[in-house]
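A short write-up of the structure that comes next.
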């Protein structure tokens, strides 16, 4: 019981991460922004039954779901999208509209998809973890056009009515997945330490990790059909 309370307390500390990440945005200190958001993701990982990305997977049991959803929404949706606006990836009124649509889509997933019964091992649609996407945009120094296209694609894929396996919970290539995740996290940490945008080596590792996750998701989806 004490361990459960500690896990939920650490998870709730994610709101502090969101606060410091938002303050870093106004200073355009992007390394600190994504450092705090990364710490929040790490805190979320402490509790395996956690709502991530502010929009699924949904906890299998409705224990502190509202608290989990609020913390996750702040750190994986609201603050990252705010960062995209201030970084210029979403420029002008058009960018504000795209940001608003992304927020509405995330809220829609939370509000209307919770009754569909997905577990932490699968999603309904392909949810975007906007903090990770934002890190990639900064790491690759993306243009506003590329950013809008990627954000738009993420919104569309997230609202598609199909089951999408969670590659991190797949029983296929478990050891490889853990290694790739660890390499990705280390690469992200080194990149933030050295400063954005990322080096050529880091970009290659980021792309390799993304392609691995996409491949694993497709293969796992085929197994379930």
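Counting every other Cβ atom within 10 Å of each residue's Cβ, 164, 13 order from fewest to most as 13, 164. Potential lengthening of the chain between residue 182 and residue 29 amounts to 52.6 nm, from the contour at 0.36 nm per residue minus the alpha-carbon distance.
Relative to the current alpha-carbon distance between residue 19 and residue 218, full extension at 0.36 nm per residue lengthens the span by 68.1 nm. Over the Cα atoms of the stretch 159-203, what is the Rg over Rh ratio if Rh follows Kirkwood? So for the stretch 159-203, dividing Rg by the Kirkwood Rh gives 1.15. By the count of neighbouring beta-carbon atoms within 10 Å, fewest first, 20, 73 end up ordered 20, 73.
Any read-out appearing in this document is the output of simple, stated calculations on the displayed coordinates, not a laboratory observation. Quantities reported herein were computed from a predicted structural model and do not represent experimental measurements. Quick reminder, even Gly has a Cβ in these numbers, built from the backbone with ideal geometry, and neighbours come from all protein chains shown.
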